[in-house]
Each structure stands twice: as C-alpha cells, then as structure tokens.
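Contents: one structure, followed by commentary.
The values are calculated or read from the model by the stated rules, or taken from the named source; none is laboratory data. Because the structure is predicted, anything quoted here is derived from the model rather than measured. Methodologically, a virtual Cβ is constructed for each residue, glycine included, from the backbone with ideal geometry; neighbour enumeration extends over all protein chains shown. Only protein heavy atoms, including side chains, enter the accessible area calculation; ligands, DNA and RNA are left aside. Shrake-Rupley method; radii C 1.70, N 1.55, O 1.52, S 1.80 Å.
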Amino acid sequence: MSKRKITKLISEGLVADFDDPRLFTLTALRRRGFPPQAINAFVKKLGLTGALTQLDPLMLEACVRDELNVTAGRVMAVLNPLKVTVVKSEEKLPCSVTVPDIPGQEPSHEISLNSTLYIDRSDFRITADKDYRRLSKDQTVGLKHVGMVATVKKVEQNPAGEVTELHVELAKLNDTNKPRAFIQWVSDYTVAEVREYSRLFNHRCPEDPEEVPGGFLSDVNPDSLTLYSAYVESRVLGSPVYTNLQFERIGFYTVDKDSTSDRLVFNNTVSLREDSGKS
C-alpha cells in the first residue's frame, strides 16, 4: 500500500501511525515483533523476480513463527483472568518449580504456585461436551509445569450468572488421574495491556475496485484491534522494548514502546500455529 493511502488511513483515525502493527511497513513489522532473521528468510524463499506479485502474509508469518519458536522465552499469561482458590492440596503451598526459558535450552526460571491463582476464562465451562478437554464441574485439568491436577469443588457466580471464582482441590499427577489437557495459569503476576491484531482489511485486495467497489477505506475491519487487561508472570517486568516472548498456549508477543516501568504493553506477533483453535 502506498504512503499516500497509509497517510489517509492515519488521517481518518483508522490506524495510529506508519508503525501501527496492523500495517506492513518495516517500522510496523518491527513494532509487531517480526525478527530481522525471519524477514530475511522470507525474502530468500521468494527469490528474484521482475514481475509484480501479491504475497500472502501467511508465508511471512510462518517464517516469523519458525524463528521465534527457537528464540523467544516462554512465560505464562491469561488474557481473561478467572480467579481460582485452592481449598485443598496434596502439595504444600506455596510451591515452586524450575522450568527452562526455552525448552531444551538454558537458562531457566522459577515459577511459584500459591493458594490463589488465575486461569483463562476460556479454559473453564460449567458443563463440558465430549469434545471439550479442559476444566469443568465434571472434568479435571492439569496445571502446566507443576504436575498437579485440579478438580472443581465449588463455582461462584454473580447475579447475572457470570462465573466469578472457582474453588478447587489439587492432587499430584499420577497414572490414575491423568487429565485430558494441561492449561497455563499465573499466581505471581503483573497486569499488562495485550493488543491482539487481526487483518486490517476484510478483503485480500482492498484496492481492487472490482473486489471492493467502495474503495479501500470502506473495507477496513472495525475489529482489527482488541485490547486485554491480562495477567502475566511478574518476572517479565522490566523487559526491554522489542523483547520477544511466547505466551504459552496463546502465541508470540513483543514488548511495545508504550510500556512503562510499572505497566507493560504487549503486541501480538503471530499465533502459535496458523490454525490456533483449541478444544
């Protein structure tokens, strides 16, 4: 897209600036967390051509994913926190475990499990169908890294019926209580703003008058940016701008320049997989 058209998007308030992570300018790619190594790998795959071509962003995202999979440190985060209180545990709490920053590599870090933790709301349902693998009133779930299995004992709801808190019991993982899934969680956390991005335009070729008769401005996706007040492991506080991280089970993220010393802002870089749906 030309500089003139991007300027029009900015003047209309549809994007923030030339480095808005929804754009494909070099400054925008950097802000979104695309590593230079991934961009170089993408260019090498394309080869040289004198023809005008259209490129699928999924090709670039695949190169980014390959690079970050072996370079981005892992942390646990929940985008939509749900409070969980441990009312009984076979393991004395608080407890801690050492996990590698990147699987199979050094260094490592400590994560602590307390009697109060938070999981993502999407990882709990009051009732579960046969395809649902995570936590419900009648189905246990494992907590990643600590070898514990959670069983729901009580569900608290507000007058509107929204679940506000779970009371659970924790048991050590063994051969007889293996759950169908393991989920991420946080106990010692910091609140961070997480910016999730989807395609800026609804059509692949927004500048094509046959595909978009109303012009590219009419094709802007109003839901291309979603904001979350997420809970992230507190050890990430102080991370430099452009630090790449993997939020386990969610995707890859980078620290945005809008971060402050006491509140981080993360931009979603790419999902863990092209199809990131989970049951």
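Give just the number: which of (1) over 21 Å from ARG30 (Cβ atoms); (2) at pLDDT 95 or above; (3) surrounded by 15 or more Cβ atoms within 10 Å (Cβ to Cβ); (4) not β-branched (Val, Ile, Thr) does LEU225 not satisfy?
It fails just one condition, (1).
Name the pairs whose Cβ atoms lie under 8 Å apart, with the first residue in region 1-30 and within 21 Å of GLY215 (Cβ to Cβ), the second part of a helix (DSSP H, G or I) and polar (S, T, N, Q), and 6 or more positions between them or separate chains?
Pairs that qualify, where the first residue is within 21 Å of GLY215 (Cβ to Cβ) and the partner is part of a helix (DSSP H, G or I) and polar (S, T, N, Q), are PHE18/THR27.
Which residues, counting only those in region 14-30, are of a type in the set (Ser, Thr, Tyr) and over 15 Å from SER2 (Cβ atoms)?
The one that is of a type in the set (Ser, Thr, Tyr) and over 15 Å from SER2 (Cβ atoms): THR27.
Counting residues that are touching an Asp or Glu at 6+ places or on another chain (Cβ under 7 Å), which strands (runs of 3 or more DSSP E) fully inside region 58-143 reach at least 2?
Values: elements: 73-75, 81-89, 95-100, 108-113, 116-120, 141-143.
Hits in region 58-143: 73-75, 81-89, 95-100, 108-113.
Test ASP123 against the stated conditions and say whether it is open to solvent by less than 30 Å² (accessible area, probe 1.4 Å), touching a strand residue (DSSP E or B) at 6+ places or on another chain (Cβ under 8 Å) and not small (Gly, Ala, Ser).
yes
When you go through (1) in contact (Cβ under 8 Å) with a residue 40 or more places away in the chain; (2) closer than 30 Å to VAL168 by Cβ one by one for SER96, which number turns out not to apply?
(1) is the only condition that SER96 fails.
Spot the failing condition for THR25; the list is (1) of a type in the set (S, T, N, Q); (2) farther than 30 Å from TYR189 by Cα; (3) open to solvent by 40 Å² or more (accessible area, probe 1.4 Å), and only one is missed.
Unmet condition: (3).
Any idea which residue in region 195-219 is nearest to ASP258 (Cα to Cα), counting only those that are of a type in the set (A, V, I, L, M, F, W, C) and crowded, with 17+ Cβ neighbours inside 10 Å?
Just the residues of region 195-219 that are of a type in the set (A, V, I, L, M, F, W, C), to begin with: 200-201, 205, 212, 216-217.
Filter once more, so that each one left must be crowded, with 17+ Cβ neighbours inside 10 Å: 200-201, 212, 216.
Values: LEU200: 21, PHE201: 25, VAL212: 34, PHE216: 28 Å.
Looking at the filtered set, the residue picked out is LEU200.
Output the residues belonging to region 171-191 that are surrounded by fewer than 17 Cβ atoms within 10 Å (Cβ to Cβ), without any contact (Cβ under 8 Å) to a residue 60 or more places away in the chain and assigned to a strand (DSSP E or B).
none
Kindly indicate which of VAL236, VAL255, VAL163, VAL155 is open to solvent by less than 30 Å² (accessible area, probe 1.4 Å), aliphatic (A, V, I, L, M) and either in contact with a helix residue (DSSP H, G or I) (Cβ under 6 Å, 6 or more places away or on another chain) or over 27 Å from PRO35 (Cβ atoms) (or both). First the steps, then the outcome.
Working: VAL236 fails: either in contact with a helix residue (DSSP H, G or I) (Cβ under 6 Å, 6 or more places away or on another chain) or over 27 Å from PRO35 (Cβ atoms) (or both); VAL255 fails: either in contact with a helix residue (DSSP H, G or I) (Cβ under 6 Å, 6 or more places away or on another chain) or over 27 Å from PRO35 (Cβ atoms) (or both); VAL155 fails: open to solvent by less than 30 Å² (accessible area, probe 1.4 Å).
Just one listed residue meets the conditions, VAL163.
Could you check, for region 156-170, whether at least one of its residues is assigned to a strand (DSSP E or B) and of a type in the set (Ser, Thr, Tyr)?
Within region 156-170 (the criterion being assigned to a strand (DSSP E or B) and of a type in the set (Ser, Thr, Tyr)), the answer is yes, since at least one residue qualifies.
Step by step: first the residues of region 44-58, then only those that are under 20 Å from THR25 (Cβ atoms) and open to solvent by 90 Å² or more (accessible area, probe 1.4 Å), then the one that is modelled with the lowest pLDDT. Which residue is that?
LEU52
So if I check each of SER234, SER229, SER198, which one is over 15 Å from the mean Cα position of the chain (by Cα) and free of Cβ contacts under 8 Å to residues at least 60 places away in the same chain? Show your work before the answer.
On the way: SER229 fails: over 15 Å from the mean Cα position of the chain (by Cα); SER198 fails: over 15 Å from the mean Cα position of the chain (by Cα).
Result: SER234 is the single residue among SER234, SER229, SER198 that is over 15 Å from the mean Cα position of the chain (by Cα) and free of Cβ contacts under 8 Å to residues at least 60 places away in the same chain.
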